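Undergrad: This is the structure I have questions about; it appears just below.
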Amino acid sequence: MPIKSYFLSFSLKPVAKEHPETSALQDRQTYVHTPPHASRAIAWRQSATCAQSMVLYSRSKLSMAYMTMLLPVLAACTTSANESGPNTGGFDERWGDMYTVGDIGPGGGTVFYISPTTFTSTGSDCGSNCRHLEVAPAPTNGDVARTWASGENSETAVPGDATATAVGSGMPNTNAIVAQTGNRAESSAAVYAHEYEHGGKTDWHLPSGDELLELYLVHDQIGGLGEGIYWSSSETVGIYAWLRIFNNGLVYGVYKSEESLVRPVRAF
């Protein structure tokens, strides 16, 4: 799916004349481009299984920051293998958690993220006691494509603010986009995700930038996702929003009037 409009990426320079909002876009790109902060490193070291760590480390597309961060996990795997054996899934004694990445979640989706601590997803059923994210099953006829916002809303910022990128912010972002008058499921990625229902659950949303990153990191492992271009619910500034290309992991801020793929997720 070609991206026809002006965009920015972490590895490419602008391909059109400099936009007045360029510096703001570049400032917001640092949340993925810079090395993860300490708490994120601790989370990975505590929650990644040996198998997951080996798979991620072996993928050259990962940044040096992630590769460096996974080394302590791999070291722990090799030194403690004789004591506890490999993590084969099921009940995880470290967390008292019945879910591992790749399991079927309570909404019938696939678990792709497990947090070492609870996080808040305002508007989700789990509220301030969320621990996991699951992604909706692959549609029979493939993922639908939508613009980020409907009609003239592609030319204006979301009034309720949908710029957050952290895990847990996907639902608030989605609700803010839904609340913007004029956005419709047939032409807005967030509204489509918001109206999605599966497994008896109705609290699905369009993933935030970091939620989409977590999905990308394990998409080869869990399956069910192509190598296409997926929208996040995170707006950059005004007429742009973040998306991620799953065949190479690059993140772009593109016009909200562009069409990209949609895959709902939910917190629990």
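Undergrad: Looking only at residues that are of a type in the set (Phe, Trp, Tyr) and assigned to a strand (DSSP E or B) in segment 106-159, which one is farthest from the chain's Cα centre (by Cα)? Talk me through it step by step, then tell me what you get.
TA: Looking only at segment 106-159, we keep the residues that are of a type in the set (Phe, Trp, Tyr), and these are 112-113, 119, 148.
After this cut, where a residue has to be assigned to a strand (DSSP E or B) as well, the list is 112-113, 119.
On the way: Phe112: 10, Tyr113: 9, Phe119: 15 Å.
Per the criteria, the residue is Phe119.
Undergrad: Additional query: Among the residues of segment 256-268, count how many are of a type in the set (Lys, Arg) and either surrounded by fewer than 20 Cβ atoms within 10 Å (Cβ to Cβ) or not in a loop (DSSP other than H, G, I, E, B) (or both).
TA: Our first condition is that a residue be of a type in the set (Lys, Arg); within segment 256-268, this holds for 256, 263, 266.
Filter once more, keeping what is either surrounded by fewer than 20 Cβ atoms within 10 Å (Cβ to Cβ) or not in a loop (DSSP other than H, G, I, E, B) (or both): 266.
Residues meeting the conditions: 1.
Undergrad: Could you tell me whether any residue of segment 246-253 is at pLDDT 95 or above, buried (at least 22 other Cβ atoms within 10 Å of the Cβ) and closer than 17 Å to Ser150 by Cβ?
TA: No - not one qualifying residue is present in segment 246-253.
Undergrad: Report whether or not Phe112 is touching a Cys at 6+ places or on another chain (Cβ under 8 Å), surrounded by 13 or more Cβ atoms within 10 Å (Cβ to Cβ), closer than 18 Å to Glu211 by Cβ and of a type in the set (A, V, I, L, M, F, W, C).
TA: On the way: touching a Cys at 6+ places or on another chain (Cβ under 8 Å): no; surrounded by 13 or more Cβ atoms within 10 Å (Cβ to Cβ): yes; closer than 18 Å to Glu211 by Cβ: yes; of a type in the set (A, V, I, L, M, F, W, C): yes.
It is false that Phe112 is touching a Cys at 6+ places or on another chain (Cβ under 8 Å), surrounded by 13 or more Cβ atoms within 10 Å (Cβ to Cβ), closer than 18 Å to Glu211 by Cβ and of a type in the set (A, V, I, L, M, F, W, C).
Undergrad: Of all residues being surrounded by 22 or more Cβ atoms within 10 Å (Cβ to Cβ) and not in a helix (DSSP H, G or I) in segment 197-218, which is farthest from the chain's Cα centre (by Cα)? Just the residue, please.
TA: Among residues in segment 197-218 that are surrounded by 22 or more Cβ atoms within 10 Å (Cβ to Cβ) and not in a helix (DSSP H, G or I), the one farthest from the chain's Cα centre (by Cα) is Trp204.
Undergrad: Please give the number of the condition Met98 fails out of (1) out of contact with any helix residue (DSSP H, G or I) (no Cβ under 8 Å at 6 or more places or on another chain); (2) at pLDDT 95 or above; (3) surrounded by fewer than 17 Cβ atoms within 10 Å (Cβ to Cβ).
TA: Status for Met98: all satisfied but (2).
Yes/no matrix, rows are residues, columns are (1) free of Cβ contacts under 8 Å to residues at least 24 places away in the same chain; (2) more than 12 Å from Val135 (Cβ to Cβ); (3) of a type in the set (Phe, Trp, Tyr); (4) part of a loop (DSSP other than H, G, I, E, B):
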| site | (1), (2), (3), (4) |
| --- | --- |
| Asp220 | no, yes, no, no |
| Glu227 | yes, yes, no, yes |
| Trp242 | no, yes, yes, no |
| Val254 | no, yes, no, no |
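Undergrad: Further question: Which one of these is hydroxyl-bearing (Ser, Thr, Tyr) and farther than 26 Å from Thr100 by Cβ: Ser232, Ser208, Ser188? Write out each step before concluding.
TA: Numbers: Ser232 fails: farther than 26 Å from Thr100 by Cβ; Ser208 fails: farther than 26 Å from Thr100 by Cβ.
None of the others qualify; the one that does is Ser188.
Undergrad: Follow-up. Determine whether segment 162-172 contains at least one residue that is buried (at least 18 other Cβ atoms within 10 Å of the Cβ), touching a residue at least 24 places away in the same chain (Cβ under 8 Å), assigned to a strand (DSSP E or B) and not β-branched (Val, Ile, Thr).
TA: No: segment 162-172 contains no residue that is buried (at least 18 other Cβ atoms within 10 Å of the Cβ), touching a residue at least 24 places away in the same chain (Cβ under 8 Å), assigned to a strand (DSSP E or B) and not β-branched (Val, Ile, Thr).
Undergrad: If you don't mind, there's one more thing I want to ask. Could you say whether any residue in segment 153-160 is more than 21 Å from Tyr240 (Cβ to Cβ) and at pLDDT 95 or above?
TA: Step one: list which residues in segment 153-160 are more than 21 Å from Tyr240 (Cβ to Cβ), which gives none.
Scanning segment 153-160, I find no residue that is more than 21 Å from Tyr240 (Cβ to Cβ) and at pLDDT 95 or above, so the answer is no.
The values are calculated or read from the model by the stated rules, or taken from the named source; none is laboratory data. Please read all numbers here as calculations on a predicted model, not as lab measurements. Using ideal geometry, Cβ is built from the backbone for each residue, glycine included, and neighbour counts are taken over all protein chains shown.
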